[in-house]
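Asker: Could you have a look at this structure, given as structure tokens, before my questions?
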């Protein structure tokens with residue numbers, strides 16, 4: 001299990017990921033200066049930088065701890081830009097209409113809804129500019145045994161698909177639709193919830209692990225194993241969120257508990273019950289860690305990070 005020592009190590013790795021991100025942030029100048037300022041404000045809103053940290057750890061598992069990690073840096077920055085754009089748009093008045101995120105005013109409150117929308121758009125586009133530039137300028141990598149032998153193209157393919165309508169955007173769509181439409185049955189509600197958790201939460205975790213593995217030299221078979229592990233972690237992470245919304249400590253969480261119940265939101269707990277939710281978290285966790293064991297990295301930082309994310313109390 002994890003403890004204070006792990007959290008300190010995670011903080012150090014997150015600080016490094018943030019440095020990588022800052023190195024790829026645009027300068028606030030020219031006629032587009034205002035939207036760039038809003039983009040950078042959003043990127044610097046804090047957070048644990050979990051996705052780029054995961055990507056770097058996945059890369060190191062296959063490339064080695066002493067490998068030339070600069071190969072992965074543009075993709076780490078791109079992943080955090082995509083994650084941030086999704087948060088900026090989630091906070092908009094037309095979506096969740098949140099005024100604060102991590103104790104700081106959200107982008108639309110500071111810059112207005114129009115500029116915040118453009119900031120999200122700009123971050124998504126900049127993410128692909130950054131990743132493509134990294135692929136063009138990157139060192140030559142050994143051939144991949146997947147659909148394309150070019151590892152950079154394979155990584156870009158994963159990035160685009162998992163961020164789009166077959167990944168995160170698809171999950172967000174299902175989440176919005178489900179808020180305004182009654183479910184036909186409990187079985188249908190469970191199917192929809194599974195889709196939302198897999199895509200809205202899991203897709204970027206999956207792609208972070210997959211991209212790191214692809215650029216680190218993994219085989220397609222091992223990349224698919226990490227995709228499954230990432231799916232498990234993403235879903236377990238969301239179920240744990242549902243559990244904490246009922247049993248969590250408001251002071252530790254930094255937000256009120258019980259909001260899902262008050263808003264009538266369907267969660268794993270409301271559909272399956274608390275005991276089944278906790279059992280599912282353990283099942284998903286065990287399978288994710290077993291996959292890492294098969295890959296020979298169960299005791300790595302990534303393994304400890306999985307446990308931390310799944311069994312967190314905040």
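Asker: Looking only at the range 1-12, count every residue that is exposed (fewer than 12 other Cβ atoms within 10 Å of the Cβ) and either touching a helix residue (DSSP H, G or I) at 6+ places or on another chain (Cβ under 6 Å) or not in a helix (DSSP H, G or I) (or both) and tell me the total.
Answerer: The qualifying residues number 2.
Asker: Here's a follow-up. Considering (1) modelled with pLDDT of 90 or more; (2) under 22 Å from residue 200 (Cα atoms), say which one residue 292 fails and leave the rest.
Answerer: Looking at each condition in turn, residue 292 falls short on (2).
Asker: Kindly indicate which of 189, 143, 174, 116 is over 30 Å from residue 217 (Cβ atoms), at pLDDT 95 or above and out of contact with any strand residue (DSSP E or B) (no Cβ under 9 Å at 6 or more places or on another chain).
Answerer: 116
For every residue, the table says whether it meets (1) part of a helix (DSSP H, G or I); (2) touching a residue at least 40 places away in the same chain (Cβ under 8 Å); (3) within 15 Å of residue 71 (Cα to Cα).
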| position | (1), (2), (3) |
| --- | --- |
| 125 | yes, no, no |
| 134 | yes, yes, yes |
| 141 | no, yes, yes |
| 177 | yes, no, no |
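Asker: To continue, here is another question. Those residues that are exposed (fewer than 14 other Cβ atoms within 10 Å of the Cβ), modelled with pLDDT of 55 or more and over 30 Å from residue 141 (Cβ atoms), I need them from the range 221-264; list them, please.
Answerer: 247, 264
Asker: Among the numbered conditions (1) assigned to a helix (DSSP H, G or I); (2) crowded, with 24+ Cβ neighbours inside 10 Å; (3) at pLDDT 95 or above, tell me where residue 218 comes up short.
Answerer: Answer for residue 218: the failing condition is (1).
Asker: Sort through 290, 305, 271 and tell me the only one that's crowded, with 20+ Cβ neighbours inside 10 Å and either in a helix (DSSP H, G or I) or in contact (Cβ under 8 Å) with a residue 12 or more places away in the chain (or both).
Answerer: Testing whether each residue is crowded, with 20+ Cβ neighbours inside 10 Å and either in a helix (DSSP H, G or I) or in contact (Cβ under 8 Å) with a residue 12 or more places away in the chain (or both) leaves just 305.
Asker: Under 8 Å by Cβ, and 6 or more places apart or on different chains, what pairs join a residue from the range 210-222 that is over 19 Å from residue 74 (Cβ atoms) with one that is in a helix (DSSP H, G or I)?
Answerer: Listed by first residue and then by second, the contacts come to 222/62; 222/213.
Asker: Would you check which residues across the range 177-203 are surrounded by 15 or more Cβ atoms within 10 Å (Cβ to Cβ) and either within 18 Å of residue 228 (Cα to Cα) or under 22 Å from the mean Cα position of the chain (by Cα) (or both) and list them?
Answerer: 178, 192, 193, 195, 196, 197, 198, 199, 200, 201, 202, 203
Asker: Identify all residues within the range 58-69 that are free of Cβ contacts under 8 Å to residues at least 60 places away in the same chain and either loosely packed, with under 15 Cβ neighbours inside 10 Å or within 19 Å of the chain's Cα centre (by Cα) (or both); write none if there are none.
Answerer: 64, 65, 66
Asker: Looking only at the range 86-108, which residues are surrounded by fewer than 24 Cβ atoms within 10 Å (Cβ to Cβ), in contact (Cβ under 8 Å) with a residue 12 or more places away in the chain and not in a loop (DSSP other than H, G, I, E, B)?
Answerer: Once the filter is applied, which keeps residues that are surrounded by fewer than 24 Cβ atoms within 10 Å (Cβ to Cβ), in contact (Cβ under 8 Å) with a residue 12 or more places away in the chain and not in a loop (DSSP other than H, G, I, E, B), the range 86-108 yields 86, 87, 89, 90, 101, 104.
Asker: Within the range 13-47, can you find the residues that are surrounded by fewer than 16 Cβ atoms within 10 Å (Cβ to Cβ), under 18 Å from the mean Cα position of the chain (by Cα) and part of a loop (DSSP other than H, G, I, E, B)?
Answerer: Result: 44, 46.
The values are calculated or read from the model by the stated rules, or taken from the named source; none is laboratory data. Remember, predicted model here, so these are calculated numbers, not experimental data. Reconstructed Cβ throughout: ideal geometry from the backbone, glycine too, with neighbour counts over all protein chains shown.
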